[in-house]
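J.: One structure is given below, represented as structure tokens, and several questions about it will come after.
The values are calculated or read from the model by the stated rules, or taken from the named source; none is laboratory data. Here the structure is a predicted model, which is why all the values come from computation and not from measurement. Here Cβ is always computed from backbone atoms with ideal geometry, including for glycine, and neighbour counts include all displayed protein chains. Each accessible area value is taken on the protein alone, full model and side chains, heavy atoms only, with ligands, DNA and RNA left out. Shrake-Rupley method; radii C 1.70, N 1.55, O 1.52, S 1.80 Å.
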Amino acid sequence: NDLQKTNEWLNWYTNNKVKFNFITYPNWFRASKSSDKYDATNHGPKGPNDVQSGGLTSDQIAYDYVHAIEDVADLSNVNAIWFYFPPKIKKIVGQWTQQTAHITTKKFGNITPQLVAVGADTYQSKRVRWGYFLHEMIHGFGLQGHSPKYLPANGFTRIGEMSTADGWTNALLPWDAMTWGVDKPTDTYCVDKSKLTTVDLKLVPLEREQEGFRSAMIKLNDHQVLIVESHRSDKWGVGEGQGFAGVMVTLIDTTINTSWDNDTTYNRSEEHTS
């Protein structure tokens, strides 16, 4: 039911502004090499010439995967290809992705799709497959994601579809929705710091399909905004655990790179996420 869940997610979090046209193939395809050659390391470099843990570069993996399916699959006007492996696969451990492949095919000429593949770790970790695929695909739309800042000390902020591909919640965070351009003006209560007054405000939990304010944003200056959001264990946040409830306050600073894999830009003494 991955594609059904993906469509439901898109309908709700993009306010029905984004739709995918999925074409599926129910048969298994075999690549030209043994499966161990296609292994990759989770979160490892995935540049075209980066050698993966199985010994092949990302370009070589992309070439073999696409040429394994090009005689059957319709690759015209394709934006992304999602690759599934058997659930009991053992020799392809890590997940692999290439944001933009450049491949010349016999029938369709030059194509530049995003490629995303699962691995044994995907099944063993019980992470949400559709959430992982969608996370990577939304990167292709221009969202850097991987924020709010990931704290290695306690694993906090694995919250939100774009914070990590296997987070506790698959909710689209308000900042990401606004950046992507899929939000509605009525989704956010926004006020400039200079005009801030006492207000009684109700926020709907981001994981619940409920109309109302999804966040309160306080503009501090031309590059900082304070965001307040409500989170609950609900339809799109089952990973948070039954009964989970909380409020997250995040300081967004557009001058600082807060990607979770770049700890050099993080100052613990100034952390505002709670």
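J.: Let me spell it out: the conditions are (1) out of contact with any strand residue (DSSP E or B) (no Cβ under 6 Å at 6 or more places or on another chain); (2) open to solvent by less than 20 Å² (accessible area, probe 1.4 Å); (3) under 19 Å from N170 (Cα atoms), and G94 meets all of them except one. Which number is the exception?
T.: For G94, the failing item is (3).
J.: While we're looking at this one, here's another question. Checking T24 against (1) in a helix (DSSP H, G or I); (2) open to solvent by 40 Å² or more (accessible area, probe 1.4 Å), which single condition isn't satisfied?
T.: If we test T24 against (1) in a helix (DSSP H, G or I); (2) open to solvent by 40 Å² or more (accessible area, probe 1.4 Å), just (1) comes out false.
J.: I would also like to ask the following. Any chance region 248-261 includes a residue that's at pLDDT 95 or above, open to solvent by 50 Å² or more (accessible area, probe 1.4 Å) and under 30 Å from K126 (Cα atoms)?
T.: no
J.: Related question: Going by the conditions given, is W168 in contact with a helix residue (DSSP H, G or I) (Cβ under 9 Å, 6 or more places away or on another chain), open to solvent by 10 Å² or more (accessible area, probe 1.4 Å), touching a residue at least 12 places away in the same chain (Cβ under 8 Å) and more than 30 Å from A101 (Cβ to Cβ)?
T.: yes
J.: Please go through (1) touching a Phe, Trp or Tyr at 6+ places or on another chain (Cβ under 8 Å); (2) under 27 Å from Q242 (Cα atoms); (3) assigned to a loop (DSSP other than H, G, I, E, B) for A216 and return the number of the only condition it doesn't satisfy.
T.: (3)
J.: Could you please find all residues in region 100-134 being polar (S, T, N, Q), surrounded by 18 or more Cβ atoms within 10 Å (Cβ to Cβ) and in contact with a strand residue (DSSP E or B) (Cβ under 7 Å, 6 or more places away or on another chain)?
T.: Q114
J.: Same structure, new question: Return a yes/no flag: does region 62-69 have any residue that is part of a strand (DSSP E or B) and either surrounded by 16 or more Cβ atoms within 10 Å (Cβ to Cβ) or in contact with a helix residue (DSSP H, G or I) (Cβ under 8 Å, 6 or more places away or on another chain) (or both).
T.: No, every residue in region 62-69 fails to be part of a strand (DSSP E or B) and either surrounded by 16 or more Cβ atoms within 10 Å (Cβ to Cβ) or in contact with a helix residue (DSSP H, G or I) (Cβ under 8 Å, 6 or more places away or on another chain) (or both).
J.: Kindly provide the set of residues from region 11-21 that are in a helix (DSSP H, G or I) and either of a type in the set (S, T, Y) or touching a residue at least 12 places away in the same chain (Cβ under 8 Å) (or both), ordered by number.
T.: If the condition is that a residue be in a helix (DSSP H, G or I) and either of a type in the set (S, T, Y) or touching a residue at least 12 places away in the same chain (Cβ under 8 Å) (or both), then W12, Y13 are the ones that fit.
J.: I'd like the residue in region 32-80 that is in contact with a Lys or Arg (Cβ under 8 Å, 6 or more places away or on another chain) and among the aliphatic types (A, V, I, L, M) and, out of all such residues, is nearest to A117 (Cα to Cα).
T.: In this case the residue turns out to be A40.
J.: Restricting the search to region 180-200, which residues are more than 29 Å from K17 (Cβ to Cβ) and modelled with pLDDT of 95 or more?
T.: K193, S194, K195
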